[in-house]
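Here the structure comes first, spelled out in structure tokens, and everything after it is commentary.
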């Protein structure tokens, strides 16, 4: 019978997960004192993680699928191409599409903290894609960017450097 761990979240929830899955994909748990020692493998050992129940549950759901399905890291971001067209498997793309943008940032941070590389790559690619596809004026407004050039100077530069905007 497979051993389990109990993940304690910041919102005081307890989530039961496969010990093998957590050990394999949540690299940080291997650093906990006494965790996983051969003579100390007990069922339902508690593992505290500094994220909410929702984020941890999404990470576990991804890990379960990641453990059984093929996953290749996304290729470099291309404008307007879907994640599937960039080499991301359909199951991972569907997982990604089910998550709101604000939660993707939390998931990226959590995956990075626990050293879950596959999820870090997917979330980073997904977040980058949002900004690659964003209109420059919307980017400037979103990030409160000031202009370095006047509109006339910018038009002259665009006219001179038309190759830079071709995809």
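Each reported figure results from applying straightforward, stated rules to the coordinates on display, with no laboratory input. Every value quoted in this text rests on a predicted model; they were computed, and no experiment measured them.
Computed from the alpha carbon positions, the gyration tensor of the range 125-167 leads to an equivalent ellipsoid with semi-axes of 22, 16, 6 Å, biggest first. The C-alpha atoms of the chain define a longest principal axis, and helix 101-114 lies at about 50 degrees to it.
Using just the helices of the chain, give the 222 nm mean residue ellipticity in deg cm²/dmol: DSSP H runs with n ≥ 4 each add -39,500 (n - 2.57), and the total is spread over all residues, rounded to 500. Provide the component values of the computation, followed by the final result.
Values: 7 runs with 78 residues, N = 167.
When only DSSP H runs of four or more count, the value is -14000 deg cm²/dmol.
Taking the chain as a Gaussian network of alpha-carbon nodes connected by springs under 10 Å, the highest mean-square fluctuation of the residues 12, 148, 112 belongs to 148. For the chain, the longest principal axis of the C-alpha atoms and the axis of helix 151-160 are separated by about 90°. Size check on the chain: the Cα extents along the three principal axes, sorted descending, read 71, 31, 24 Å. DSSP beta bridges in the chain, what fraction antiparallel, as a percent rounded to 5? Counting only bridges with both partners in the chain, antiparallel ones make up about 55 percent. Give the angle, between 0 and 90 degrees and rounded to the nearest 10, that separates the Cα long axis of helix 53-68 from the longest principal axis of the Cα atoms of the chain. Orientation of helix 53-68: about 90 degrees from the principal axis.
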